[in-house]
């Protein structure tokens with residue numbers, strides 16, 4: 001896994017080149033490969049948990065507004 005940084009770099013470059021050449025499907029594939037490789041590294045291992053915490057916070061903030069229920073702490 002020493003060369004994973006190079007693979008991530010080439011995936012990002014590939015996504016950029018595909019986007020410039022107007023091949024959106026290939027750009028999405030290269031971007032997903034780069035994301036999967038990043039999450040596989042120790043630096044990116046916390047990303048899924050951070051995204052889950054962000055989405056949970058967003059859900060907790062949006063649910064009372066969308067359902068019309070009073071927010072926690074009010075009453």
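Rule-based calculations on the coordinates, nothing more; no lab input. Just so it is clear, the structure is predicted and the values come from calculations on it, not from any experiment. Backbone-built Cβ (ideal geometry, glycine too); neighbour counts: all protein chains shown.
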Expected sort for 49-60, 13-24, 31-42 on mean C-beta neighbours within 10 Å, highest first, is 31-42, 13-24, 49-60
Testing the spin-label approximation: label points 7 Å from Cα along Cα→Cβ at residue 3 and residue 53. State their distance in nm. 3.5 nm
With the Cα gyration tensor of the chain giving a ≥ b ≥ c as the square roots of its eigenvalues, does the rule (a/c under 1.5 for rounded; else a/b larger than b/c for prolate; else oblate) give rounded, prolate or oblate? oblate
What percent do you get for the relative contact order of the chain when only Cα pairs under 8 Å and 6+ apart count? 22 percent
In degrees from 0 to 90, rounded to the nearest 10, what is the angle of the helix 24-40 Cα long axis to the longest principal axis of the chain? 80 degrees
Nearest 10, in degrees from 0 to 90: the angle of helix 47-67 to the longest Cα principal axis of the chain is 40 degrees
Once both axes come from the Cα atoms, what is the angle between helix 4-20 and the longest principal axis of the chain, in degrees from 0 to 90, rounded to 10? 90 degrees
